Amino acid sequence: MDQRKPMSQVHHGGSPQNSHQTVKFLAAATFGAALVALAGLTLTGTVLALVIATPVLVLFSPILVPAGITVFLVTAGFLFSGTCGVAAISLLSWIYNYVAGKHPPGSDHLDYARSRIANKARDMKERAQEYGNYVQQKATEATQHQTQA
């Protein structure tokens, strides 16, 4: 204790930092309690609304269920239609940039695939010609063999 001050003037409460932390804790606890109370009121209101609305929903369910399904299907259709439209616009934009020579993303893969397809088509054409020549040669041999016999 401080020897120079009388007992009535000695501060026993602690440092100012502890009191600041105490105020912060009390404020947080107050806000937390208020939020918990609001959550409880919201839950109570929701349960009461559900209890009151359940008979109405049961009475009107033959109308509401098909209407809900219809609204869902219409909404899904519009979303799908919009998505297809956006995809078509982006595809047309990509094709325009590719044809204009602007080298859009993925065009190098397309060029590589096109060259591989062209090479494979050339190979198949050569094989078909070779096979056609082979079949023609065999047919000629078979007709010559029949005429000699």
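The values are calculated or read from the model by the stated rules, or taken from the named source; none is laboratory data. Note that the structure is predicted; figures quoted are calculated from it, not measured. We place every Cβ from the backbone using ideal geometry, glycine too, and count neighbours over all the protein chains shown. In case anyone asks, the SASA skips ligands and DNA or RNA and just uses the protein heavy atoms, side chains included. Shrake-Rupley method; radii C 1.70, N 1.55, O 1.52, S 1.80 Å.
Within region 103-123, can you find the residues that are modelled with pLDDT of 90 or more and open to solvent by 100 Å² or more (accessible area, probe 1.4 Å)?
Hits for region 103-123 are PRO105, HIS109, TYR112, ARG114, ARG116, ILE117, LYS120, ARG122.
Please indicate, with yes or no, whether at least one residue in region 94-112 is within 22 Å of the chain's Cα centre (by Cα) and part of a helix (DSSP H, G or I).
For region 94-112, residues within 22 Å of the chain's Cα centre (by Cα) and part of a helix (DSSP H, G or I): present.
Any residue that is open to solvent by 100 Å² or more (accessible area, probe 1.4 Å) and among the β-branched types (Val, Ile, Thr) - is there at least one of those in region 61-78?
yes
Name the residue, out of SER90, SER107, SER61, that is in contact with a helix residue (DSSP H, G or I) (Cβ under 6 Å, 6 or more places away or on another chain) and without any contact (Cβ under 8 Å) to a residue 12 or more places away in the chain.
Unique residue meeting the criteria: SER107.
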